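Visitor: Provided herewith is a single structure, encoded as structure tokens, for subsequent inquiry.
The values are calculated or read from the model by the stated rules, or taken from the named source; none is laboratory data. Note that the coordinates shown come from a computational prediction; the quantities given were computed from them, not determined experimentally. FYI the Cβ positions are ideal-geometry reconstructions off the backbone, even for glycines, and counts take in every protein chain you see. Accessible surface areas use protein heavy atoms only, side chains included; no ligands, DNA or RNA. Shrake-Rupley method; radii C 1.70, N 1.55, O 1.52, S 1.80 Å.
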Amino acid sequence: MKKIVSCLTLSMLVGMSLMGCTPKEEMPKVKEESVEDVKTAPLAEEKEQYLSAVDVEYAFDFAKGLEKYKTNEKLGYRTAGSEAERKTGEMIGEEMKKIGLAEVTKDAFKVDSWEFEKADLTFTDMNGNEHLAVLGGYQVNFDTKGVKELEVVYAGKGTAADLEGLDIEGKLVLIDINQREEWWINYPAYQAHVKGAAAVIAVQEAGYAEVDSDALNAQDICGPDDAPAFSMSQTDAGSLKKALEASDTKSLTVKLDAKSTVKMDGETYNYYGKIIGKDPDSYILLSGHYDSYFAGFQDDNAAIGLMMGIAKGMIDSGYKPEKTIIFNALAAEEWGVSNSRYDWSTGAYNQIFNIHPEWVGKTFANMNFELPAFEHTTQDEIRSVYELDNYLTEFAKEVPKLSDVYKDGISVVSPLRTWSDDFSFGIAGVPALRNDFQDSEFMHSHYHSQFDSDDAFNAEALKFHLNLYGLLTMHYDKTAIVPLDFTTRLTAMKELIDTAVFDQAAVAPDSLTKEIDHVMTIAEEVNAKVANVNEEYAAALQKGDSDAAKKLYAESRELNSGLLATYKYAEDQFVRLTWEDEQIFPHEHAQSNVKNLAASIDALNKGDITSPLDEYLYAIDNNWYAYDFDKEVYNYFTDYVINAPTEKLMWGAGRIVDHEDLFDTIQSLKDKKEQANADVSTEVATLTAALDRQKELLGKTVTDETASVKKLGELLAELK
């Protein structure tokens with residue numbers, strides 16, 4: 001890339017304010033606030049010094065340097081527990097010491113390791129030329145022990161219907177896949193595995209790696225290590241498909257030289273260093289992960305560069321924090337546990353649940369970074385837990401604007417999503433946030449492909465985030481009490497009660513809504529108390545009245561601890577997941593099922609089989625996969641969620657509410673779909689029984705949720 005010049009002078013940075021934000025279209029089940037009526041605020045001298053000291057070029061160079069170690073010489077990859085990951089971690093640890101971080105620590109934890117060394121497939125194309133296809137890999141065990149001849153066949157989408165009557169025993173199975181719109185790689189990989197295939201070769205036809213026809217894609221496998229899968233580009237697949245089509249047998253002998261090794265119970269390391277503040281036991285935690293697919297420049301080298309850039313900027317500017325700031329480089333985010341639906345965020349989960357659970361109750365916030373050196377949208381997003389929404393919205397009004405990025409300012413959205421490490425910190429009891437990226441076109445185009453390189457680097461975007469999160473760290477540092485506002489979560493909970501479904505289930509929402517309203521009143525009183533203390537504390541610090549600041553800080557420790565404990569209670573009680581890993585309130589699970597089951601029954605009673613199949617039944621729990629895969633495959637990936645031990649489920653443990661197995665009913669309705677006047681009485685009876693169970697579950701869930709809201713109110717009342 002070109003040498004980076006200073007983006008703006010300090011005077012311009014300080015003098016420019018954010019433009020008023022245009023609210024974005026609200027995503028389902030997401031609270032979003034835009035920053036309006038933006039004011040220009042003078043920055044304290046220490047903030048000016050930080051903005052002057054922070055160095056984009058340093059952050060870029062360090063991020064780029066993380067590409068040094070790789071498991072696959074052609075493609076990159078810095079995978080969980082691999083030698084490349086370990087060496088990169090050591091490099092980060094040494095850099096932490098070099099820039100002046102204190103107490104640099106190397107934390108070991110157990111991980112299923114993966115080394116992906118190579119996967120080179122050679123075949124003769126239609127023109128008689130030898131064609132080399134370099135394949136991407138997934139977390140599986142597969143070793144040809146040198147070049148091996150294998151037969152390859154094409155099998156459409158790799159569904160049960162596609163494989164029916166096809167001889168795939170011991171063969172490579174070429175399939176097309178859209179992991180965004182259809183299913184994850186584990187389903188066709190395991191479907192082929194149970195039919196005896198040697199491996200699946202998946203071609204991402206859409207959804208991911210859309211940037212170029214030469215793009216490969218990599219994701220976490222979410223399946224067992226003995227159901228192998230590889231990734232092939234559209235370009236290579238096009239040549240291979242033409243050669244297969246020209247073959248009389250519709251198969252082709254190819255040569256494969258591949259080695260992918262998964263080992264259970266390996267070891268890897270998280271690293272952290274500190275800027276120790278006046279309070280050594282109160283933390284602000286910044287994090288990013290250092291494992292990657294391919295070169296992984298945005299995901300997540302740039303995040304490590306951002307984190308280290310903030311650390312260096314603070315140290316170089318001479319900033320002396322009130323609290324202790326921890327900079328945490330996390331391993332094994334992309335994948336780290338074999339044969340689990342929840343196989344990512346392994347390093348973060350271990351860090352906060354197993355290695356340093358004592359950080360919970362002491363940490364004001366986790367700021368986690370992902371893909372921060374690209375302008376994903378014209379409005380920068382901070383995604384946070386519900387309780388930080390209002391605090392961050394107010395803070396964002398004072399962030400200096402850069403000229404060429406985020407013309408629509410900053411928005412704050414909640415709740416967190418499961419795709420990154422902040423979710424693990426959040427559910428552990430650390431109020432978490434991240435720079436958001438998930439709705440970006442980048443996720444469709446470059447994400448998890450070899451095109452995630454510094455070619456897509458935006459220096460202004462990285463500078464913006466260096467400014468934003470450095471200033472946010474200082475803002476937190478001048479806060480005596482963690483600014484948690486529970487009214488945001490309670491408002492969302494109330495808004496996500498579907499009264500029509502409650503009426504249908506004969507479940508009264510009144511007790512829950514009344515309790516929510518009551519607790520919101522208590523929460524507002526606590527908010528006022530916290531805001532008053534924080535204002536007095538910030539004013540004392542600004543005036544240099546250290547005695548008054550110390551007194552306020554000491555007197556507020558009990559309130560601060562109580563708020564963090566209450567936040568953890570809220571996460572434990574109110575955060576559940578759908579079968580597609582979306583965060584929901586507990587009642588939403590049965591509420592959704594009641595709605596879709598009732599609609600299915602109503603349609604079937606009217607002689608309509610199409611609507612239940614096309615609109616309702618697939619949305620119930622894990623039943624999307626009943627349409628296209630064998631019962632053995634469906635059961636495998638349902639049971640490994642329901643019956644797996646906590647160490648396999650990690651951050652997903654206890655978050656799934658329930659499951660209705662509708663496999664046989666869906667298959668039966670598919671068979672009867674084209675029949676005139678089909679008898680669906682058996683299916684209606686099965687669905688009615690499921691509906692009755694879900695109505696009962698909704699009633700129980702609402703009773704439990706009401707009790708939990710009441711307890712939340714009691715905890716908050718103790719803090720008034």
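Visitor: Being in contact (Cβ under 8 Å) with a residue 12 or more places away in the chain and assigned to a helix (DSSP H, G or I) is the filter here, so list the residues in region 391-417 that pass it.
Guide: Y391, L392, T393, F395, A396
Visitor: Another question, if that's okay. Restricting attention to strands (runs of 3 or more DSSP E) lying wholly within region 141-245, give those where 3 or more residues are more than 24 Å from D343 (Cβ to Cβ), open to solvent by less than 10 Å² (accessible area, probe 1.4 Å) and in contact with a Pro (Cβ under 8 Å, 6 or more places away or on another chain). Steps first, answer last, please.
Guide: Values: elements: 148-154, 172-177, 199-204, 229-232.
Counting at least 3 such residues, we get no strands (runs of 3 or more DSSP E) at all.
Visitor: Against the definition (surrounded by fewer than 20 Cβ atoms within 10 Å (Cβ to Cβ), modelled with pLDDT of 95 or more and either outside any loop (DSSP other than H, G, I, E, B) or of a type outside the set (A, V, I, L, M, F, W, C) (or both)), how does E94 come out, yes or no?
Guide: Here the answer is yes, as E94 does meet what is asked.
Visitor: Could you go through region 686-703 and let me know if any residue there is touching a residue at least 60 places away in the same chain (Cβ under 8 Å), buried (at least 18 other Cβ atoms within 10 Å of the Cβ), in a helix (DSSP H, G or I) and β-branched (V, I, T).
Guide: Yes, that holds for at least one residue.
Visitor: Counting only residues that are outside any helix (DSSP H, G or I), under 29 Å from the mean Cα position of the chain (by Cα) and either on the phi > 0 side of the Ramachandran plot or acidic (D, E) (or both), how many does region 486-525 have?
Guide: Taking region 486-525 first, the residues outside any helix (DSSP H, G or I) are 486, 496-498, 505-509.
Remaining after also requiring under 29 Å from the mean Cα position of the chain (by Cα): 486, 496-498.
Filter again for either on the phi > 0 side of the Ramachandran plot or acidic (D, E) (or both), leaving 498.
Selection size over region 486-525: 1.
Visitor: What number goes with the only condition from (1) closer than 25 Å to Y386 by Cα; (2) open to solvent by less than 60 Å² (accessible area, probe 1.4 Å) that L541 does not pass?
Guide: Among (1) closer than 25 Å to Y386 by Cα; (2) open to solvent by less than 60 Å² (accessible area, probe 1.4 Å), the lone unmet condition for L541 is (1).
Visitor: Another question, if that's okay. I need a count of the residues in region 581-609 that are in contact with a helix residue (DSSP H, G or I) (Cβ under 8 Å, 6 or more places away or on another chain), of a type outside the set (A, V, I, L, M) and part of a helix (DSSP H, G or I).
Guide: So the count comes out to 10.
Visitor: Could you give me the residue pairs with C-beta distances under 9 Å whose first residue belongs to region 505-516 and is basic (K, R), whose second residue is part of a helix (DSSP H, G or I) wherever it lies, and which are 6+ apart or on separate chains?
Guide: Taking only residues 6 or more apart or on different chains, the pairs are K514/T706.
Visitor: Which pairs have Cβ atoms under 9 Å, sit 6 or more apart or on different chains, and link a residue in region 598-612 that is more than 22 Å from K695 (Cα to Cα) to one that is crowded, with 16+ Cβ neighbours inside 10 Å and of a type in the set (V, I, T)?
Guide: G607/V680; I609/V680
Visitor: So, one more: From K259, K278, grab the single residue that is closer than 30 Å to N339 by Cα and either open to solvent by 10 Å² or more (accessible area, probe 1.4 Å) or among the polar types (S, T, N, Q) (or both).
Guide: K259
Visitor: Here's a follow-up. Of the conditions (1) of a type outside the set (V, I, T); (2) under 22 Å from W184 (Cβ atoms); (3) open to solvent by less than 20 Å² (accessible area, probe 1.4 Å), H587 satisfies every one except a single condition; which number is it?
Guide: (2)
Visitor: Continuing with the same structure: Need pairs with beta-carbon distance below 9 Å; first residue β-branched (V, I, T) and within region 157-171, second assigned to a loop (DSSP other than H, G, I, E, B) and open to solvent by 60 Å² or more (accessible area, probe 1.4 Å); sequence gap 6+ or separate chains.
Guide: I168/K195
Visitor: Restricting to region 613-645, and then to whatever is part of a loop (DSSP other than H, G, I, E, B) and free of Cβ contacts under 8 Å to residues at least 24 places away in the same chain, can you tell me which residue is least open to solvent (accessible area, probe 1.4 Å)?
Guide: Initial filter on region 613-645 (part of a loop (DSSP other than H, G, I, E, B)): 620-622, 627-630, 643-645.
Okay, now just the ones that are also free of Cβ contacts under 8 Å to residues at least 24 places away in the same chain, so 643, 645.
Values: N643: 111, P645: 63 Å².
Filtering region 613-645 for residues that are part of a loop (DSSP other than H, G, I, E, B) and free of Cβ contacts under 8 Å to residues at least 24 places away in the same chain, the one least open to solvent (accessible area, probe 1.4 Å) comes out as P645.
Visitor: Would you tally the residues in region 135-164 being over 23 Å from E205 (Cβ atoms) and small (G, A, S)?
Guide: Of the residues in region 135-164, 1 are over 23 Å from E205 (Cβ atoms) and small (G, A, S).
Visitor: Would it be correct to say that V709 is closer than 30 Å to I522 by Cα and not hydroxyl-bearing (S, T, Y)?
Guide: Values: closer than 30 Å to I522 by Cα: yes; not hydroxyl-bearing (S, T, Y): yes.
Yes: the conditions hold for V709.
Visitor: Now a separate question. May I ask you to list the residues in region 294-353 that are open to solvent by 10 Å² or more (accessible area, probe 1.4 Å) and outside any helix (DSSP H, G or I)?
Guide: Kept after step one, since they are open to solvent by 10 Å² or more (accessible area, probe 1.4 Å), are these residues of region 294-353: 295, 312, 315-320, 322, 334, 337, 339, 341, 344, 349-350, 353.
Once the filter is applied, which keeps residues that are open to solvent by 10 Å² or more (accessible area, probe 1.4 Å) and outside any helix (DSSP H, G or I), region 294-353 yields A295, G318, Y319, K320, E322, E334, V337, N339, R341, W344.
Visitor: Would you check which residues across region 418-477 are open to solvent by 10 Å² or more (accessible area, probe 1.4 Å) and in a helix (DSSP H, G or I) and list them?
Guide: The answer is H444, S445, D454, D455, A456, A459, E460, K463, H475.
Visitor: Assuming K648 fulfils every condition listed in (1) open to solvent by 50 Å² or more (accessible area, probe 1.4 Å); (2) in contact with a Ser or Thr (Cβ under 7 Å, 6 or more places away or on another chain); (3) free of Cβ contacts under 8 Å to residues at least 40 places away in the same chain apart from one, which condition is it?
Guide: Tallying (1) open to solvent by 50 Å² or more (accessible area, probe 1.4 Å); (2) in contact with a Ser or Thr (Cβ under 7 Å, 6 or more places away or on another chain); (3) free of Cβ contacts under 8 Å to residues at least 40 places away in the same chain, K648 fails exactly one: (3).
Visitor: Moving on to the next point. List, please: which pairs have Cβ atoms under 7 Å, are six or more places apart or on different chains, and start with a residue in region 79-93 that is over 10 Å from K68 (Cα atoms) and end with one that is hydroxyl-bearing (S, T, Y) and in a loop (DSSP other than H, G, I, E, B)?
Guide: Correct list of pairs: T79/T71; S82/T71; E85/T79; G89/Y290; I92/Y290.
Visitor: So, one more: Could you identify the single residue in D236, D225, D299, D212 that is acidic (D, E) and out of contact with any strand residue (DSSP E or B) (no Cβ under 8 Å at 6 or more places or on another chain)? Steps first, please.
Guide: Working: D236 fails: out of contact with any strand residue (DSSP E or B) (no Cβ under 8 Å at 6 or more places or on another chain); D225 fails: out of contact with any strand residue (DSSP E or B) (no Cβ under 8 Å at 6 or more places or on another chain); D299 fails: out of contact with any strand residue (DSSP E or B) (no Cβ under 8 Å at 6 or more places or on another chain).
Only one candidate passes the filter, namely D212.
Visitor: Considering only residues of region 544-563 that are in contact with a Leu (Cβ under 8 Å, 6 or more places away or on another chain) and crowded, with 20+ Cβ neighbours inside 10 Å, which is nearest to P357 (Cα to Cα)?
Guide: So the first thing to find is which residues in region 544-563 are in contact with a Leu (Cβ under 8 Å, 6 or more places away or on another chain), and the list is 549, 559, 562-563.
Add one more test, that the residue is crowded, with 20+ Cβ neighbours inside 10 Å, and what stays is 549, 563.
Details: A549: 29, L563: 17 Å.
Of everything passing the filter in region 544-563, L563 is nearest to P357 (Cα to Cα).
Visitor: Then there is this: Which of the residues that make up region 246-280 are at pLDDT 95 or above and assigned to a loop (DSSP other than H, G, I, E, B)?
Guide: Scanning region 246-280 gives I276, G277, K278.
Visitor: Is it true that D679 is of a type in the set (D, E), open to solvent by 40 Å² or more (accessible area, probe 1.4 Å) and not in a helix (DSSP H, G or I)? I'd like the intermediate steps shown before the answer.
Guide: On the way: of a type in the set (D, E): yes; open to solvent by 40 Å² or more (accessible area, probe 1.4 Å): yes; not in a helix (DSSP H, G or I): yes.
So D679 passes the test.
Visitor: Would a scan of region 281-292 turn up a residue that is open to solvent by less than 40 Å² (accessible area, probe 1.4 Å), among the charged types (D, E, K, R) and not in a loop (DSSP other than H, G, I, E, B)? Give the derivation first.
Guide: Applying the first criterion (open to solvent by less than 40 Å² (accessible area, probe 1.4 Å)) to region 281-292 yields 282-292.
Narrowing further to those that are among the charged types (D, E, K, R): 291.
Narrowing further to those that are not in a loop (DSSP other than H, G, I, E, B): none.
There is no residue in region 281-292 that is open to solvent by less than 40 Å² (accessible area, probe 1.4 Å), among the charged types (D, E, K, R) and not in a loop (DSSP other than H, G, I, E, B).
Visitor: In addition: Out of N390, N366, I need the residue that is closer than 17 Å to P483 by Cα and over 19 Å from the mean Cα position of the chain (by Cα). Which one?
Guide: Details: N366 fails: over 19 Å from the mean Cα position of the chain (by Cα).
When all the criteria are applied, what remains is N390.
Visitor: While we're on this one: Take I609 and decide whether it is open to solvent by less than 40 Å² (accessible area, probe 1.4 Å), modelled with pLDDT of 95 or more and more than 26 Å from the chain's Cα centre (by Cα).
Guide: On the way: open to solvent by less than 40 Å² (accessible area, probe 1.4 Å): yes; modelled with pLDDT of 95 or more: yes; more than 26 Å from the chain's Cα centre (by Cα): yes.
Yes: the conditions hold for I609.
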